[in-house]
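Read through the structure below, which is laid out as structure tokens, and then see the notes.
The values are calculated or read from the model by the stated rules, or taken from the named source; none is laboratory data. Just so you know, these numbers come straight off a predicted model, no measurement behind them. Using ideal geometry, Cβ is built from the backbone for each residue, glycine included, and neighbour counts are taken over all protein chains shown.
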Amino acid sequence: MSFTAEVKDELARVAPMCSHCDKATLAALVRIEGTLFFSGPGRYRIEIATDVPSVARLVIKLLHGIYELKTNLTVRRSVLHKTPNYLIEVPTQPRLEPALRDMGVLSGEGLEMGIADELVEKQCCAAAYLRGAFLGSGFISNPRGDFHFEITVESESLADGLVELMANKGISARVMQRRSSYMVYLKSGTAILEFLAYVGAHHSALSMENERVIKSVRNDVNRITNAEIANQAKAANASVDQIFAIRKVVDAYGMENLPPALQEFIKLRVTNPDATLKELGEKANPPLSKSAVYHRVRRIEQMAKDLGE
């Protein structure tokens, strides 16, 4: 099961906070995932499709429980994805048109493009509407990868309404047009967590937070490891350059003709080719500071340079 399906399965089981929350959830589901058919005055029917069985059960339960509407369920199997798809049909019936008006799908002017204010007057109902919107066309990527969240709708007014509902809770969302539809999206992991918690997907939010912590620790470890590897490579390259300079100086002057301080450094470097300057200083007798060792390195490198010139 994908992470999106897991989130939807959890959201489909969230209990309403008040008597109007279920209506807000159903209204969003019908608006976003439903297809409305019109065959004459007062003759409407709708179809709602979903891949998540718990969402299909919720839609049927709410249609029956709130509006006492008759429904037909057809289970189809996708040839491409080998997964079942649930088609819920609400046939033409006297109660359907009043229900559509009550859910803010129809208004006096025809189709309602935005969100009816009376559906989201309370904070709990606003959360329920957003919950229904995600159940309808929401997508959230696996938190083990890059964070991505979106809800796709057909109306710009509806997209702006969803953004406003999130903004009222301090969640920053944006809208992007994609051909004939509009995508409400979140990119920040923090914003996605806030949305999940707001609409009631607490278990999914916890799972995502765990993955965020794991990713953060893994990134820190990789950063430290890469830094250590880079430092080791740098030290190794420096050691090779120093040994090359040492050979050039010793061949030209002879070991016995070099100052004692340089002779000591040469012996330490040749016997400890992988050591850092600090480690070489600690091995000296008496111990030397890193700057003192570096000063001797500079003297040998300058001597080698003079010989080259």
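Okay, here's what the table says:
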| item | result |
| --- | --- |
| Criterion violated by Pro98 - all others in (1) within 19 Å of Gly136 (Cα to Cα); (2) in a helix (DSSP H, G or I) satisfied | (1) |
| Yes/no for Arg77 being without any contact (Cβ under 8 Å) to a residue 60 or more places away in the chain and within 30 Å of Met1 (Cα to Cα) | yes |
| Candidates Ala235, Ala205, Ala191, Ala230 - the one that is assigned to a helix (DSSP H, G or I), outside the structural domain of Leu11 (by TED's automatic domain parsing) and closer than 30 Å to Cys125 by Cβ | Ala205 |
| Any hit, segment 16-28, residues being within 17 Å of Gln93 (Cα to Cα), at pLDDT 95 or above and touching a Lys or Arg at 6+ places or on another chain (Cβ under 9 Å) | no |
| Of the criteria (1) touching a Ser or Thr at 6+ places or on another chain (Cβ under 6 Å); (2) among the aliphatic types (A, V, I, L, M); (3) closer than 28 Å to Phe195 by Cα; (4) crowded, with 22+ Cβ neighbours inside 10 Å, which one Val90 fails | (3) |
| Residue check for Lys215: surrounded by 10 or more Cβ atoms within 10 Å (Cβ to Cβ), assigned to a helix (DSSP H, G or I) and within 20 Å of the chain's Cα centre (by Cα) | yes |
| Single residue of Glu121, Glu112, Glu97 found to be in contact with a Gly (Cβ under 8 Å, 6 or more places away or on another chain), at pLDDT 90 or above and either exposed (fewer than 13 other Cβ atoms within 10 Å of the Cβ) or assigned by TED's automatic domain parsing to the domain that holds Glu194 (or both) | Glu97 |
| Within segment 134-159, considering residues that are out of contact with any helix residue (DSSP H, G or I) (no Cβ under 8 Å at 6 or more places or on another chain) and either surrounded by 17 or more Cβ atoms within 10 Å (Cβ to Cβ) or polar (S, T, N, Q) (or both), the one modelled with the lowest pLDDT | Ser155 |
| Enumeration of residues in segment 285-304 that are farther than 15 Å from Ala238 by Cα and in a helix (DSSP H, G or I) | Ser291, Ala292, Met303 |
| Selection count where residues are among the small types (Gly, Ala, Ser), more than 11 Å from Leu135 (Cβ to Cβ) and out of contact with any helix residue (DSSP H, G or I) (no Cβ under 7 Å at 6 or more places or on another chain), scope segment 13-66 | 6 |
| Residues located in segment 135-187, provided they are of a type in the set (Ser, Thr, Tyr) and within 15 Å of Val199 (Cβ to Cβ) | Ser137 |
| Segment 267-284: number of residues that are in a helix (DSSP H, G or I), surrounded by 15 or more Cβ atoms within 10 Å (Cβ to Cβ), at pLDDT below 85 and of a type in the set (A, V, I, L, M, F, W, C) | 1 |
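Residues checked against (1) in a loop (DSSP other than H, G, I, E, B); (2) within 36 Å of the chain's Cα centre (by Cα):
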{"residue": "Ala56", "(1), (2)": "no, yes"}
{"residue": "Leu69", "(1), (2)": "yes, no"}
{"residue": "Thr74", "(1), (2)": "no, yes"}
{"residue": "Asn85", "(1), (2)": "no, yes"}
{"residue": "Glu89", "(1), (2)": "no, yes"}
{"residue": "Gly104", "(1), (2)": "yes, yes"}
{"residue": "Ala128", "(1), (2)": "no, yes"}
